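Worksheet for the structure shown next.
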Amino acid sequence: MKRRAFLKSSAAAGAFAGAGSLGLLSFTAPKNLKHITILHTNDVHSHIEPFEKDHSQFPGMGGAARRYTLIEEIRKENKNTLLLDAGDIFQGTPFFNFYGGELEFKLMSKMGYDAATIGNHDFDNGIDGLYAQLPHAEFKFLSANYNFSNTVLDGQVKPYQVFLRNGIKIGIFGLGIELEGLVGKDLYKETEYLDPLEIAKETVKKLKEEEKCDLVICLSHLGYNYRSEKISDMKLAQQTKNIDLIIGGHTHTFLPKPTIAHNSEGKNVLINQVGWAGVNLGRIDFYLDDSGKVDGSGATIIV
Amino acid sequence: MPYILLRTMKKISFLLFLFLASCKFSSDLVPARIEGKQLQINDSIPADESMSEFIQPYKENIDREMNQVLSYSSFDLSKRDGDLNTAIGNMMADAVMELSNPVFKKRTGKSIDIVLLNHGGIRASISEGPITTRTAYQVMPFENEVVVAKMKGEHVRQMVHYLVDAGTAHPVAGIELEIGKNNSIQKVLIKGQPLEEEKEYFVATNDYLLNGGDNMVFFSNASEVLNLNYKIRNLLIDYFKKHDTIAPVRDYRFIRINQ
């Protein structure tokens, strides 16, 4: 009974806050808070056009040109926005079969994507096929646990990138899934897969201690959660510290809302994944306080 | 102001400063509030015109090629029309035999004995009427390629047991298989000849199944594998181009006989 009363009152509060703003946001940041918006997609799989209107699951949904409209609207609301993708950009429609990913990268560049990680299907035309399309991508490819030293991608993919927006230092790193058994060796060639958990710990330490990042985001193509021992976003969240947000992919998971997991120190980590095919855009808004009066682990999370 | 008072005030303000400073967790930026949500992309959002215009020529080019008529189907073909073999599955397995065998022969001097695909790999049905490039993409959207595995007769027998246990219309060619009551095997012929345990056979399949897809673990016993680098989809396109009409039928290659 008490819980229901709480839900009711919080819903009312939400409605009240929403009435004042025209945008999609229900909260206006007080002046002392620094606001950064993270927008993200995963597993778009070459779905450039919306699904057909008679599609059984996603009638008339998705579409790159509509996604761009929405992104631009949000940018008008908050110019401090990062746009990210968690991999499997390639494969799924004739756009990929015909153009090998050229159009996907060109559109993402037009939309102003900042960074993406590499999914298993991004190797579908071989590592050489991916390399060939890189000139069309005006955004960063991040992967901390694929060692490309002995491949054509050597020097093309960074483990992480630090972005400075609105005075906030945001460290973003990428993690990829084990390729053996999932992708033909003739496709990924000499790409070396390193343990995501160990690499994540090292990378986060670097981002926090050396790069002095205020926020740490992981772009992961590991998958949301598995019954087996296989490493997943959920396990990664629980077994690491200092990651604020994991943007996931691979499992095509439609989360009704971002998951709040607890890290090795018991602090909150957000995990989000928005299905596939560009049917959804994920949006996470961070409001950061520099007054020193707020303990980061006690951030109010509204999902 | 008396000096002593000034000193006291300084002391108090210093203490006050210390007190305030001790309230600080840190001087870093820390998240005070986080909001997360999923935004659905649907027809309530207008498409950005410049982006739609940019996509248009790519789309038109694809449509032109996709709508190209390659062949004609005399019937509606669905993978659900049949118990242990279907017309569409037979067509696919026969197409693999017909078009990959010359490639394999040219490279090795040998011939393919058996073709095995999987029922789940037939991704769409074919309607009576024109067959276009799009049809091939719908039936086979994946990038799988034809591979040929060299297998001993005893391992081909494992494959036969797999087919019998699965009881599914996995597309096959080059093999005749009859099962009776309680899944007893009544007849196994490879290219019309009885299966010999010691003989080596060449089995064409795709790279997905070769690697154990659909639980086809028997392929791990292959002693040699040759990838023909021939995509099944391209093979289908070539097959449709070669045959101006297709009229495959369900036949007797894999059947259940009730005695």
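In a reduced charge model with +1 at each Lys and Arg Cβ and -1 at each Asp and Glu Cβ, chain A shows a dipole moment near 1580 debye about its Cα centre. Its DSSP H runs of at least 4 residues, each contributing -39,500 (n - 2.57), put the calculated 222 nm mean residue ellipticity of chain B at -12000 deg cm²/dmol, to the nearest 500. When A:Asp122, B:Asp238 are arranged by Cβ crowding within 10 Å, least crowded first, meaning fewest neighbours, the order is B:Asp238, A:Asp122. Placing unit charges on each Cβ (+1 for Lys and Arg, -1 for Asp and Glu) gives chain A a dipole about its Cα centre, and among A:Ile284, A:Phe163, A:His47 the Cα reaching farthest toward its positive end belongs to A:Ile284. Taking a straight line from the alpha carbon of A:Lys212, these lysines sit under 16 Å away, with near neighbours fewer than eight places off in the same chain left out: A:Lys169, A:Lys201, A:Lys241.
For A:His262, A:His136, what's the fewest-to-most ordering of other Cβ within 10 Å of each Cβ?
Working: A:His262 11, A:His136 17.
Ascending number of Cβ neighbours within 10 Å: A:His262, A:His136.
Pairs of Cα atoms in the protein assembly as shown fall into 20 Å distance bins, from 0 up to the last occupied one, in shares of 18, 43, 27, 9, 2, 1 percent. Taking springs between alpha-carbon atoms closer than 10 angstrom, which of A:Leu130, A:Leu182, A:Leu84 fluctuates most in the Gaussian network model of chain A? Maximum fluctuation in the GNM of chain A, among the listed residues, is at A:Leu182.
Going from the fewest other Cβ atoms within 10 Å to the most, the residues A:Cys218, A:Cys213 appear in the order A:Cys213, A:Cys218. Which of A:Ser56, A:Phe141, A:Gly129 sits closest to the plus end of the dipole of chain A, meaning its Cα is farthest towards the positive end, when Lys and Arg get +1 and Asp and Glu get -1 on the C-beta? Farthest towards the positive pole: A:Ser56. Projected over all directions and averaged, the alpha-carbon convex hull of chain A occupies 17.5 nm². Volume per residue for region B:66-256 equals 105 cubic angstrom (convex hull of Cα atoms).
With 10 Å bins beginning at zero, the pair-distance distribution over Cα atoms of region B:64-128 amounts to 18, 39, 31, 12 %. A simple charge model with +1 on the Cβ of Lys and Arg, -1 on the Cβ of Asp and Glu and nothing else charged puts the dipole of the protein assembly as shown at about 2340 debye relative to its Cα centre.
Charge dipole (Cα centre; +1 on Lys/Arg Cβ, -1 on Asp/Glu Cβ; no other charges) of region B:36-115 amounts to roughly 620 debye.
Taken together, the values in this text are just the output of simple stated rules run on the coordinates, not laboratory data. Just so it is clear, the model here is predicted, and its values are computed rather than measured. Here the Cβ is made from the backbone with ideal geometry for all residues, glycine too, and neighbour counts use every protein chain on show.
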